[in-house]
Amino acid sequence: MVQIGSVFFVVPAIAQQQTGQPRTTSELGVGIGGVVYKGEVAPRYRLQSNRPALNIFYKKDISSSLAWKASVLIGRIKAEDEAYTDNPSFLARELPLSMYRQATVTTSLLELSGGIDYNFMDYYDFRRNIRWTPYFTVSLAGLVYNNKTTAYRNGVEDPSLIYPSGSGKDAAYRTGFAFAVPVGAGVKYALSEHWNLGFEAGVRVLFTDDFDNLTDQNEQVMNPHSRDLYFYNGVSISYTFYKIHCPIK
């Protein structure tokens, strides 16, 4: 298929490299992994708290080292104070609030982001026997999330422990919007001329502390200085499209 000033791949990318013709690449992929939350109810990162997530992304190169990136992330987060009560003697000393509050945070999220990847090596240099590169990524994201946060007393759900009745702040179910800065790093490896295998891990730095719906509803059982974050880590498979740019005659 021919266009004015360009032709979509009619010869392999390796041949393009050998002829020295300028070309651009774009990449479409899907990743599966886990998301985990760190905040009021989960003050420490816990690998076992990861919940399944799906990531769909598109990349287009700017240069040999830079590429634009757009992605969609869908996931579900769950964290429990109970997860930190396995060792009561430890918690009595370090996390007594978790033992008393027994809160559970469940959040579903949809994230849309756009940003830049920086490749530390020339990934599309076909003169290399093994094509791979580590990379750094940074984006700006907007997300919509649906949250339920509640507490338990003697094994019975009792949201009034964290949301006092009549306070006007007792909405345990709610939908919210927020902005975040996803920052991460990864590694990409070429399985073939077109197929790529990747691994990425990173953190989403939120511009809000209301992600878990625990801010100042009841200061006796909440820490208004605890910042909310969430993490994504996963593996991906992607397909690269090549485009040759021919001079206009």
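Suppose each label sits 7 Å from its Cα in the direction of the beta carbon; what would the Arg127-Leu140 distance come out to in nanometres?
Simple spin-label model gives 3.8 nm for this pair.
Considering only protein heavy atoms, with the full assembly of protein chains and a 1.4 angstrom probe, order Thr137, Thr175, Thr24 by accessible area, largest first.
Heavy-atom accessible area, descending, gives Thr175, Thr24, Thr137.
What is the percent of Cα-Cα separations in region 100-214 that go past 17 Å?
The calculated P(r) of region 100-214 puts 67 percent of pairs beyond 17 Å.
Mind checking the full-extension length gain between Thr175 and Met99? Use 0.36 nm per residue of separation minus the Cα-Cα distance, one decimal, nm.
Result: 24.6 nm gained on full extension.
Would you grab the residues whose amide H sits under 5 Å from the one on Asn213? Only those 5+ places off in sequence or on another chain, please, with H modelled 1.01 Å from N.
Here nothing satisfies the definition.
Mind grabbing the accessible area of Glu200 for me, 1.4 Å probe, Å², rounded to tens?
Accessible area, nearest 10 Å²: 30 Å².
Read phi for every residue in region 140-145 and hand back ³J(HN,Hα) as whole Hz from Karplus 6.51 cos²θ - 1.76 cosθ + 1.60, θ = phi - 60°, with x for Gly and Pro.
These are the phi-based 3J(HN,Hα) values: 10, 10, x, 9, 10, 9 Hz.
Go through region 225-241 residue by residue and turn each phi into a ³J(HN,Hα) via Karplus (6.51, -1.76, 1.60, θ = phi - 60°); whole Hz please, and just put x for glycine and proline.
After applying 6.51 cos²θ - 1.76 cosθ + 1.60, I find 9, 7, 8, 8, 9, 9, 10, 10, 9, x, 10, 9, 10, 9, 10, 9, 9 Hz.
May I ask you to order 50-58, 102-110 by the average number of other C-beta atoms within 10 Å around their residues, highest value first?
Numbers: 50-58: 17.4, 102-110: 20.1.
Final packing ranking: 102-110, 50-58.
The values are calculated or read from the model by the stated rules, or taken from the named source; none is laboratory data. Because the structure is a prediction, the values reported are computed rather than measured. So basically every Cβ, Gly included, is an ideal-geometry build from the backbone, and we count neighbours across all protein chains shown. Calculation scope for accessible area: heavy atoms of the full protein, side chains included, ligands and nucleic acids excluded. Shrake-Rupley method; radii C 1.70, N 1.55, O 1.52, S 1.80 Å.
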